[in-house]
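The values are calculated or read from the model by the stated rules, or taken from the named source; none is laboratory data. These numbers come from a predicted model, not from an experiment. Glycine also receives a Cβ, built like all others from the backbone with ideal geometry; neighbour counts cover every protein chain displayed.
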Ligand SMILES: Cc1ncc(COP(=O)(O)O)c(C=O)c1O
């Protein structure tokens, strides 16, 4: 007779654990990590200094309410700090939102190539992830609305989306919101908002401010270059904020992260430099890679989705091996239902030029 074992709740064993992008290549001294949408500029020097200063007081607990950080974010965006919650990365907040609003038997919607943390967060609560089909690698408001049922509790939408880099306009987000019953929570994940240069884009602030069922999440991991310290924030209706504050860890954001975040959000010049670097090299990469005969999905973020043929010798998998051997680490995205593509972060000028040269060599070799 076998003994009974502790069992996780239903859904947990259906989770495929998140696998982060590779960070190295064996045997190579110099690698360019272009697999996790990090910034090639690093953090603001002011954020590094603020982070280091906290090292003298590691014996102290952080401010559990992250008050100064919420105030700094509030100043930067003109928001009420009481409507902001900070988290250990936006991952933390996405999971907390799922935990607070989903239960066994509920449904939550995300899109075909949506960010993988969403189904993981949903399954962890016992809820059922429901996939809404995309059109041209872009979220479709019509299919999301058609996917709604009485059981739907949350719609998670990354805008722009990772790994596709595509976005939907503010008008489309508003149309989505209008189509949702008032008890369904719309989570707008704007991790890449700072990079978007489109007049018809809005990160979610306006919709959160004017409705009771919309939350926007943001991160310090991307344009602020603080992925290592794990820092994110959300802006939401007062009762959603109150719910998340009830279930979050009492000290879910650490003191060095709080200090670095306060300095980073105020360093507008650093953010502008990062934006300009990105705009320039995003366009350059898309153009140069398309000239090689590969399709690139139009991106408004700090990464690109590059599509490869299925012909032997030219596949995404083989390209990845070829690039990795040269210290160029991109991201395979088969887990995102994109087995024939690689995602590349916009890197330094050196890294960007090396990738284009290596892809040219890869395609010439197999022609
Ligand atoms: C769409 C999207 N949302 C959220 C995150 C998580 O960011 P964080 O580092 O704040 O947890 C990422 C990170 O890759 C992302 O791509």
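The figures follow:
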| item | result |
| --- | --- |
| Tally, over the range 205-221, of residues that are within 11 Å of the ligand (Cβ to nearest atom) and assigned to a strand (DSSP E or B) | 3 |
| Residue that is more than 26 Å from residue 243 (Cα to Cα) and modelled with pLDDT of 95 or more, where the choices are 202, 172 | 172 |
| Residue within the range 308-316 that is closer than 28 Å to residue 203 by Cβ and either surrounded by fewer than 16 Cβ atoms within 10 Å (Cβ to Cβ) or at pLDDT 95 or above (or both) present | no |
| Residue in the range 113-126 that is more than 16 Å from the ligand (Cβ to nearest atom), touching a residue at least 60 places away in the same chain (Cβ under 8 Å), on the phi < 0 side of the Ramachandran plot and buried (at least 18 other Cβ atoms within 10 Å of the Cβ) present | yes |
| Every pair of residues 6+ apart whose Cβ atoms lie under 7 Å, when the first sits in the range 87-106 and is at positive phi while the second is more than 10 Å from the ligand (Cβ to nearest atom) | 105/151 |
| Candidate set from the range 149-164 (those that are over 16 Å from residue 97 (Cβ atoms) and away from the ligand (no atom under 16 Å from the Cβ)); member that is surrounded by the fewest Cβ atoms within 10 Å (Cβ to Cβ) | 150 |
| Residue among 42, 64, 21 that is in contact (Cβ under 8 Å) with a residue 12 or more places away in the chain, surrounded by fewer than 20 Cβ atoms within 10 Å (Cβ to Cβ), in contact with a strand residue (DSSP E or B) (Cβ under 6 Å, 6 or more places away or on another chain) and not in a helix (DSSP H, G or I) | 21 |
| Residue in the range 93-102 that is more than 18 Å from the chain's Cα centre (by Cα) and either over 27 Å from residue 228 (Cα atoms) or modelled with pLDDT under 95 (or both) present | yes |
| Failed item in (1) closer than 21 Å to residue 157 by Cα; (2) within 14 Å of the ligand (Cβ to nearest atom); (3) in contact with a helix residue (DSSP H, G or I) (Cβ under 6 Å, 6 or more places away or on another chain), with residue 37 passing the rest | (3) |
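Results for (1) within 16 Å of the ligand (Cβ to nearest atom); (2) surrounded by 17 or more Cβ atoms within 10 Å (Cβ to Cβ); (3) without any contact (Cβ under 8 Å) to a residue 60 or more places away in the chain; (4) under 30 Å from residue 361 (Cα atoms), shown as yes or no for each residue.
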site: 235; (1), (2), (3), (4): yes, yes, no, no
site: 244; (1), (2), (3), (4): yes, yes, no, no
site: 253; (1), (2), (3), (4): yes, yes, no, no
site: 264; (1), (2), (3), (4): yes, yes, no, no
site: 273; (1), (2), (3), (4): no, no, no, no
site: 276; (1), (2), (3), (4): no, no, yes, yes
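Residue-wise test of (1) touching a helix residue (DSSP H, G or I) at 6+ places or on another chain (Cβ under 7 Å); (2) more than 20 Å from residue 102 (Cα to Cα); (3) in a loop (DSSP other than H, G, I, E, B).
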{"residue": "166", "(1), (2), (3)": "no, yes, yes"}
{"residue": "177", "(1), (2), (3)": "yes, no, no"}
{"residue": "182", "(1), (2), (3)": "no, no, yes"}
{"residue": "197", "(1), (2), (3)": "yes, yes, yes"}
{"residue": "201", "(1), (2), (3)": "yes, yes, yes"}
{"residue": "223", "(1), (2), (3)": "yes, yes, yes"}
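Every residue, every condition in (1) surrounded by fewer than 16 Cβ atoms within 10 Å (Cβ to Cβ); (2) more than 16 Å from the ligand (Cβ to nearest atom), yes or no:
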{"position": "49", "(1), (2)": "yes, yes"}
{"position": "54", "(1), (2)": "no, yes"}
{"position": "78", "(1), (2)": "yes, yes"}
{"position": "82", "(1), (2)": "yes, yes"}
{"position": "92", "(1), (2)": "no, no"}
{"position": "95", "(1), (2)": "no, no"}
{"position": "100", "(1), (2)": "no, yes"}
